Protein chains: 2
Amino acid sequence: MPQEFRADPGLEGVIVGRSAISWVGGTTGELVYRGFDARELARGVPYESVAHLLLHGDPPAADPSPELTAALAAARGIPGPIVRAVDALPPQQPPLDALRSILSVLGDGSGAYPPTLEDGYRLIARSPVLLARFVRRAAGQEPVPPRPELGHVANYLAMLRGAAPDVRQVAALQAYFALLADHGMNASTFVLRIAISTHTDLASAATAALGTLKGPLHGGAPSRVSEMLDAVGAPEHAAEWVRERLARRELLYGFGHRAYKAEDPRGLRLHEVARTVADPRRLALAETVEREGLAALRAAHPSARIYANVEFYSAVVLEAIGLPPALFTPTFALARTAGWTAHALEQAADNRLIRPDLDYVGPPTGRRWPRPLPAG
Amino acid sequence: MPQEFRADPGLEGVIVGRSAISWVGGTTGELVYRGFDARELARGVPYESVAHLLLHGDPPAADPSPELTAALAAARGIPGPIVRAVDALPPQQPPLDALRSILSVLGDGSGAYPPTLEDGYRLIARSPVLLARFVRRAAGQEPVPPRPELGHVANYLAMLRGAAPDVRQVAALQAYFALLADHGMNASTFVLRIAISTHTDLASAATAALGTLKGPLHGGAPSRVSEMLDAVGAPEHAAEWVRERLARRELLYGFGHRAYKAEDPRGLRLHEVARTVADPRRLALAETVEREGLAALRAAHPSARIYANVEFYSAVVLEAIGLPPALFTPTFALARTAGWTAHALEQAADNRLIRPDLDYVGPPTGRRWPRPLPAG
């Protein structure tokens, strides 16, 4: 049995395993998928090919991956009982809560351990179909079925809107999907790997991961960046707004990341993407808030290495594409389904039940119940 | 920043935090809730009082806890949209998959961080109501509403059956609920605490925990003990059946546990409980299979300390109560909702985002995509 080790309560610096899927270079500001710089992949590699790379370890023979294109298209046909269960979800709830229930409902009991590529294709293919269906029905609109001639990302936009998506918007969202498809170890991926380590099925593990990604400290906060930009209103108010907010000891959203002590490479690339789709005034507002926020945070914490994180320009890009803030984190989760699947397959290939220990600091044993017990 | 530490891939021996809720004495065979021996609590303390102890740290002023009795009764009224969503779950799926979706559907967007006691009361109170409703509807039966005069455990049986539950069966299931209500750190509780550490809501964290508990290496296997007993058929076949099974290198179910290198205290107590409710022939069969299984496993692994685990006599007790095997793990999860709530509240009271690291062992960075990229 390994010796006892008291870890930092945030498990910072604790290496919980090995992975060949992606590497986060926190001090150099790099994100690498199977040896490829994610920023490069975000220059036009279709999501089918990024997912192919993450799942299979090498690029496909052509773009978009013929294998993934066929598998995802086949998986987009969803059994009626699952569709009807999704249609019965309360339409008033946030799409992020609906997506957690969608991932759970996708687990209809047919999944088993170990997870398979086919399980993953179903997860990747069906989540956007059912999320878009929920969003449209909640708005009183007819669902729009997937179109076989469209790629994965274009299909998502088309199913949300019912109209052919704008080419520049598809390219921007494709870059976003490439950049968010995996990110080494993080809270939701860790949860997914723990779940798989108990021999649960992929749908259960992905549902667990989504319940974790939902937290504002992980994936659940990019919409707050949009709210912050709305509240600032105009570049000339940014400095004062930031100063007053920090004086009230309130958070600025979209700054700082546990893993990065350098520029977040995803944020850098999304800033470039924002220039291709965002309204110039909104972009100028965001850039000013970023500059003023960083200046104020660095003045307040001179020794900290603080940068804008991925949420900052994610928000600018996703709102420029026309997605409502309530869809920002669900869209992040859709992009991450490829990474989750890759981690589930990797965990199952060399598995050991993940079960740590706790220090018990409660009352000592030997307390007696204050009343006689019926069974003596 | 803490130094890097390479942990055992199962995190065995890694102490990930402190807790005052429960203590697992793995070498002495003890399970303690807030200073109380769980085996003692299983001698008749109602679940409302066990949950009170776990949530508040001390026993209630009377049994069953007046505070929990009132809070759970109030929470058993469930909004119509949630009930209708549960009614639309595919009836063919296993109740354990349905329960994962039930926990998710209970998260209707109203929950926030930090979790509250009221969030916990809703989780504890509503899960059995909706699970029993699902089970009855899937069998083509009318749902049975909760009855205000019944305790939590008796209500669960009554809602499943539509008849007043047998007093001895209620007492046995109450002991089971007391013994399974918490268990220090384990995979599902760890997942719940990681989820809460991202500031997600309790419903999301509990859904994540259930997706993890579902794995056969954690909570998802007690039904296999019943199947094993059925396959053996009679005590005189046990020795041969065990020998042949091990010769085929197949698993015996219900033996061994990561945390216990002594008798599992829950199993010991459940063995006593089984004597009060089980058919004597079934009990004799189980005891013979336990004896022959232990003899064979210890002969094959002389240095290992192997005992029957909690699943072994859980199966005997739950089947004696009349629960079908498909409800064994869901019932375990219902018992654990009190422990999950206590851990969520404790994590939020002194929180730090749980985010470990991985060793990247994939291809080195610098690989080039084999085709030109559209965005150059």
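Some observations on this one:
- Modelled spin labels at residue A:240 and residue B:118, positioned 7 Å past Cα toward Cβ, are 3.8 nm from each other.
- Our note on the geometry: Cα centres of region A:268-288 and region B:203-230, 48 Å apart.
- For the pair region A:44-114 and region A:123-169, the centres of their Cα atoms are 13 angstrom apart.
- Cβ-vector label at 7 Å, residue A:305, separations to other copies in nm: 4.6
- Applying 1/(1 + (r/R0)^6) with r as the Cβ-Cβ distance of residue A:375 and residue A:6 and R0 = 56 angstrom yields a FRET efficiency of 0.90.
- Anisotropy class of chain A from Cα gyration tensor, a/c 1.5 cut: rounded
- GNM on chain B, alpha-carbon springs under 10 angstrom: the most fluctuating residue among B:358, B:323, B:55 is B:358.
- On the beta carbon distance between residue A:291 and residue A:250, with R0 = 30 Å, the FRET formula returns roughly 0.95.
- Note on region A:21-356: dipole from Cβ charges, positive end direction compared against A:259, A:125, A:341; the farthest Cα belongs to A:259.
- Phi angles across region A:116-132 convert, under the Karplus curve 6.51 cos²θ - 1.76 cosθ + 1.60 with θ = phi - 60°, into 3J(HN,Hα) values of 10, 4, 5, 4, x, 4, 5, 4, 5, 6, 7, 4, x, 4, 6, 5, 4 Hz, Gly and Pro given as x.
- In nanometres and ascending order, the distances from the residue B:62 label point to those of the other copies are 7.8 (point 7 Å from Cα along Cα→Cβ).
- B versus A: buried accessible surface, summed, Å² (probe 1.4 Å, to nearest 100): 9900
- Dipole of the protein assembly as shown, positive direction: furthest Cα of B:307, A:228, B:360, with charges on the beta-carbon: A:228
- Annotation for residue A:363, label-to-label distances across the other copies: 6.1 nm (shortest first, one decimal, point 7 Å from Cα along Cα→Cβ).
- Placing +1 on the Cβ of every Lys and Arg and -1 on the Cβ of every Asp and Glu, with nothing else charged, gives region B:21-356 a dipole about its Cα centre of roughly 580 debye.
- GNM flexibility winner over chain A from A:330, A:302, A:222 (Cα, springs under 10 Å): A:302
- Value in Å of the Kirkwood radius, where the protein assembly as shown supplies the Cα pairs that are averaged: 26.8
- Per residue, region A:21-356 exposes 34 Å² of accessible surface when a 1.4 Å probe is rolled over the protein heavy atoms with every protein chain present.
- Residue by residue along A:213-223, Cβ atoms of other protein chains within 10 Å of the local Cβ number 6 on average.
- Computed from backbone phi with θ = phi - 60° and the Karplus coefficients 6.51, -1.76 and 1.60, the 3J(HN,Hα) list for region B:58-69 is 9, x, x, 6, 7, 10, x, 2, x, 5, 5, 4 Hz; x is used for glycine and proline.
- With the simple spin-label model, which puts each label point 7 Å out from Cα in the Cβ direction, the residue A:142 to residue A:164 separation comes to 1.9 nm.
- Estimated inter-spin distance, residue A:276 and residue B:304, nm [label 7 Å along Cα→Cβ]: 5.5
- For residue A:6, distant residues with modelled amide H under 5 Å away: B:15
- Measuring nothing but how far apart in sequence close Cα pairs (under 8 Å, 6+ apart) lie, relative to its length, chain A scores a relative contact order of 23 percent.
- Of all DSSP beta bridges in the protein assembly as shown, antiparallel share, percent nearest 5: 60
- GluC sites (Glu not before Pro) lying in DSSP loop within region A:1-81, provided at most 12 other Cβ fall within 10 Å: A:4
- Think of each Lys and Arg Cβ as +1 and each Asp and Glu Cβ as -1; about the Cα centre, that makes the dipole of the protein assembly as shown roughly 240 debye.
- Residue-by-residue Karplus 3J(HN,Hα) for region B:294-304, coefficients 6.51, -1.76, 1.60, Hz, glycine and proline x: 5, 4, 5, 5, 6, 5, 6, 10, x, 8, 7
- Where only DSSP H runs of four or more residues are counted, chain B gives -17000 deg cm²/dmol as its mean residue ellipticity at 222 nm, each run worth -39500 (n - 2.57).
- The trypsin sites (Lys or Arg not before Pro) of region A:233-311 that meet both conditions, a loop assignment by DSSP and at most 10 other Cβ atoms within 10 Å of the site Cβ, are A:248, A:249.
- Accessible surface of region A:21-356, 1.4 Å probe, proportion on carbon and sulfur as whole %: 53
- For residue A:261, the lysines whose Cα comes closer than 27 Å to its Cα, not counting residues fewer than 8 places off in the same chain, are A:214.
- Backbone N under 19 Å from the residue A:56 label point (7 Å along Cα→Cβ), restricted to region A:137-160: A:151-153
The values are calculated or read from the model by the stated rules, or taken from the named source; none is laboratory data. Keep in mind the model is a prediction, meaning the values are calculated, not measured. Counting neighbours? That spans all protein chains shown, and the Cβs are built from the backbone with ideal geometry, glycine included. These accessible areas exclude ligands, DNA and RNA; they are computed on the full protein's heavy atoms, side chains included. Shrake-Rupley method; radii C 1.70, N 1.55, O 1.52, S 1.80 Å.
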